[in-house]
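Some notes on the structure that comes next.
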Amino acid sequence: MKMILPGDTARLRHYFQYERGSCSGENSKLEKVEMGSTSSSSGEVKIAYYFIPLVKGRWAFWPEPLFGGETEPRLIEAGCSCSIEDIIEKINENIRLLNFTVVEDLGKWQNGPIKVVFSKLYTKNGEYIYVECGKIDDLGLARILVVAGAKNVVAPYANPAAKKG
């Protein structure tokens, strides 16, 4: 998703609603989880996030629209799973192929329900991208967050201290 952040934006919040089902057909109740927040600067930013199964199962997500409107659930069903190590290896390989250079390795930390296990800020020809990969507590999923844009807009996402609260 690509958006222009207004100059008066103070914080951006990322949350979604989900329902989890087991392979035997049992469903959990619909829950809403805040995935974290960050302070922001005005400017153009591109944000993408992906969910990858770490266990067998099925999930239904109701993403919150940015500007209102109805959304249909997005379904994920997994008969197999990936390891977090395999996911990180693939991220590193893809970034290397795009010729981005690491500006900062931000390490690991807990951000709400996400245990971040990989987070780096990259640059190439004046463009910045921030890539974060983490395990979502008790959900059996990994979340990958990618933010691209000018340094002043991307840098707040790469600051773990700014994300708390």
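FYI, it's all coordinate maths here, none of it is from the lab. The shown structure was predicted, so the numbers you read here are calculated from the model rather than taken from an experiment. Here the Cβ positions follow ideal geometry from the backbone for every residue, glycine too, while neighbour counts run over all protein chains shown.
Numbers below:
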read-out: Listed peptides 78-87, 52-61 by packing density, highest first (mean Cβ within 10 Å); value: 52-61, 78-87
read-out: Over 20 Å between alpha carbons, listed pairs Lys56/Lys135; Lys46/Lys115; Lys46/Lys135; Lys90/Lys135; value: Lys46/Lys115; Lys46/Lys135
